[in-house]
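Okay, so here's the structure we're looking at.
Laboratory data are not the source of any read-out in this text; all were calculated from the coordinates shown. Remember, predicted model here, so these are calculated numbers, not experimental data. Positions of Cβ are generated from backbone atoms using ideal geometry, with glycine treated the same way; all protein chains shown enter the neighbour counts.
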Amino acid sequence: MNSNEKIIIIGGGIAGLSAAIRLAAAGKSAVVYEQNGTVGGKMSEVTAAGYRWDTGPSVITMRHVLADLFAAAGRQLEDYVTLLPVEPLTRYFYQDGTVLDVTRDLPRMLDQIEALSAGDGEGYLRYLAHAAKIHRITGPVFIYDEPPTVGTFLQTPPHHVLQIDALKTMSRSIERFVKGKHLRQMLMRFATYVGASPYLAPGTLNVIAHVELNGGVWYPQGGIYQLAVGMVRLAQELGVEIQLNAPVQEILVQDGRAQGIRSDGAVIPATAVVANVDVTTVYQKLLPHEVGQIGRKAAKMGRADTSCSGFILLWGIEGEFPQLAHHNIFFSQDYQQEFTQIFGDKVMPDDPTVYVSITSKSDADHAPEGCENWFVLVNAPAVSTAWDWQTEATRYRDVVLAILAKHGVDLSGRIRYEQIMTPHDLEQNTGAFRGALYGRSSNDRMAAFQRPHNRCPDVAGLYFAGGTTHPGGGVPMVTLSGKVAADLVLRDLAG
Ligand SMILES: Cc1cc2nc3c(=O)[nH]c(=O)nc-3n(C[C@H](O)[C@H](O)[C@H](O)COP(=O)(O)OP(=O)(O)OC[C@H]3O[C@@H](n4cnc5c(N)ncnc54)[C@H](O)[C@@H]3O)c2cc1C
């Protein structure tokens, strides 16, 4: 690589920033083109009427992945972002009035479990050990390194394959360990961290419970968005150039190789291009369909099942709710029916599970004194003709209010400010195909093998980083995705 060579990263989401940091730390010239006026992608923030909200991720796990990124650049994470442990991890409210504080304080956790379902304490401990074992086995193959192939997986010892529950669904796997319905519902919820259904996704996804229940939940002081701010600071210190309001319309391909990009009419040559955009969107909108298999693949990707999306309410609340924690879940009565409606019927559930994150519980200045900033999220089907948000958004907000009232949280006259975001907003703001939060569906035991590779198989010099490629969605995973993409670029450039 000579000094004129540069690597273009399309998109300033967490994966794009992670890739740019890794490339710059290795001495390469990296330029990020971001279509919006701010970086962070799905990790975003809104301020209004004296309140501040994070509008995307709210739960940060796998702190070590973030620490590794900063360490790769010779820095310390804590000099850029202060990650505070959150306790309880989440407060769960059930429709029968049960409240469960899920905590890493095991004696306290076991007391609560035994009070709900005698004998389940031991099963919970076995479940935690099981989830940790899945992490040990799958980590090197599915998470921390380059994408697996069926070949790599076949080299895995057969007893390991059986131990990771790849052939059972998550719900079936959980039922083997605990019998209480409250605990089962809590453990099944981790499927939603990759936008999947616990009744369809493989038991291997119990690994997600490990990273939260054993590893803990972290909150960047000042708000989740501080993580994006810290990453930008590091990137800029390393010399990464960040172009904002710079949408990319096309990846230029010649002789089967990425030559650069076209942004706002200008042609910008590059040695390599890393796309931090939903891979389906890249195939459908940024690559030339007449080249090789691209057109055919773009159409095929458009037909594939996706992960779920989200319906978001930002509420500026008058007054405080001391019975609520930083992270709260108000569970539905019939969990299976909820997922059937989202993934089967592709409509919003009649009785949804409602998540409420209140960062003012940890950072008082995120709301006016004596008030709270509520970020409310309900799992939603990806955009399709089966559900019309234009006519349904306001009505569904009333469904959410009714659910909260059923749980004893009455917000009548207490919403000072409101903003509604639907899957269409996610699609428009971040390029997420059909507004799906985590790309292709994980409701399939082959999903880990079907996720697009970080090295584009159709265009040399084009790489993918982000939640729709390996190793998957969520802040730590996309941070890893940036690492994998950067490693591949560096290796290919080195010949
Ligand atoms: C509501 C919600 C809740 C979530 N909750 C959690 C959580 O609690 N914990 C967790 O770990 N994860 C959570 N996630 C998932 C997590 O936010 C994502 O997996 C992660 O942030 C995705 O990062 P990314 O870099 O892959 O992509 P994105 O954040 O989507 O970034 C892609 C970037 O590319 C830009 N872009 C797109 N097209 C172009 C173009 N043509 N030209 C230039 N730029 C372009 C976009 O503007 C965007 O900035 C949540 C996501 C959402 C939306």
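Checking each residue in the stretch 223-271 for being crowded, with 19+ Cβ neighbours inside 10 Å, assigned to a loop (DSSP other than H, G, I, E, B) and of a type outside the set (S, T, N, Q) picks out Gly223, Ile224, Leu238, Val240, Ala246, Ala270.
Let's see how each residue does on (1) more than 24 Å from Asp444 (Cβ to Cβ); (2) crowded, with 22+ Cβ neighbours inside 10 Å; (3) of a type in the set (S, T, N, Q):
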| residue | (1), (2), (3) |
| --- | --- |
| Ala299 | no, no, no |
| Ser309 | no, yes, yes |
| Ile358 | yes, yes, no |
| Asp363 | yes, no, no |
| Glu369 | yes, no, no |
| Asn373 | yes, yes, yes |
| Pro381 | no, yes, no |
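Screening Ser171 on (1) out of contact with any Gly (no Cβ under 8 Å at 6 or more places or on another chain); (2) hydroxyl-bearing (Ser, Thr, Tyr); (3) more than 30 Å from Gly123 (Cα to Cα) shows it passes everything except condition (3). In the set Ile7, Ile21, Ile14, Ile113, only one residue is farther than 21 Å from Pro247 by Cβ, in contact (Cβ under 8 Å) with a residue 12 or more places away in the chain and out of contact with any Gly (no Cβ under 6 Å at 6 or more places or on another chain); that residue is Ile21. Of the set (1) more than 8 Å from the ligand (Cβ to nearest atom); (2) assigned to a helix (DSSP H, G or I), all apply to Ala15 but (1).
Looking at this structure, is Gly431 within 16 Å of the ligand (Cβ to nearest atom) and on the phi > 0 side of the Ramachandran plot? Walk me through how you get there before you give the answer.
Working: within 16 Å of the ligand (Cβ to nearest atom): yes; on the phi > 0 side of the Ramachandran plot: yes.
The answer is yes for Gly431.
In the stretch 434-452, which residues are near the ligand (Cβ under 7 Å from one of its atoms) and aromatic (Phe, Trp, Tyr)? Show your work before the answer.
Pass one, the stretch 434-452, residues near the ligand (Cβ under 7 Å from one of its atoms): 437-438.
Within the stretch 434-452, Tyr438 is the sole residue that qualifies.
Among the residues of the stretch 93-104, are any farther than 28 Å from Leu314 by Cβ, in contact with a helix residue (DSSP H, G or I) (Cβ under 7 Å, 6 or more places away or on another chain) and of a type in the set (Phe, Trp, Tyr)? Within the stretch 93-104, none of the residues are farther than 28 Å from Leu314 by Cβ, in contact with a helix residue (DSSP H, G or I) (Cβ under 7 Å, 6 or more places away or on another chain) and of a type in the set (Phe, Trp, Tyr).
Confirm whether Ala67 is surrounded by fewer than 23 Cβ atoms within 10 Å (Cβ to Cβ), within 16 Å of the ligand (Cβ to nearest atom), over 30 Å from Gly316 (Cα atoms) and of a type in the set (Gly, Ala, Ser).
When the stated conditions are applied, Ala67 passes them.
Looking across the stretch 136-155, the residues that are within 26 Å of Tyr463 (Cα to Cα), in a helix (DSSP H, G or I), touching a residue at least 24 places away in the same chain (Cβ under 8 Å) and of a type outside the set (Phe, Trp, Tyr) come down to Thr138, Ile143, Val150.
Taking the stretch 453-488, which residues are assigned to a loop (DSSP other than H, G, I, E, B), within 13 Å of the ligand (Cβ to nearest atom) and either among the small types (Gly, Ala, Ser) or surrounded by fewer than 24 Cβ atoms within 10 Å (Cβ to Cβ) (or both)? Quick ask: steps written out before the conclusion?
The initial filter retains those residues of the stretch 453-488 that are assigned to a loop (DSSP other than H, G, I, E, B), namely 453-454, 456-459, 461, 465-474.
Restricting the remaining residues to those that are within 13 Å of the ligand (Cβ to nearest atom) gives 454, 465-474.
The answer is Ala465, Gly466, Gly467, Gly472, Gly473, Gly474.
Can you tell me which residues in the stretch 272-295 are of a type in the set (A, V, I, L, M), part of a helix (DSSP H, G or I) and more than 11 Å from the ligand (Cβ to nearest atom)? Steps first, answer last, please.
Initial filter on the stretch 272-295 (of a type in the set (A, V, I, L, M)): 272-275, 277, 279, 282, 286-287, 291, 294.
Now narrow it down to the ones that are part of a helix (DSSP H, G or I): 279, 282, 286, 294.
If the condition is that a residue be of a type in the set (A, V, I, L, M), part of a helix (DSSP H, G or I) and more than 11 Å from the ligand (Cβ to nearest atom), then Ile294 is the only one that fits.
Apart from one condition, Asp96 fits all of (1) acidic (Asp, Glu); (2) within 20 Å of Asp487 (Cα to Cα); (3) free of Cβ contacts under 8 Å to residues at least 40 places away in the same chain; the exception is (2).
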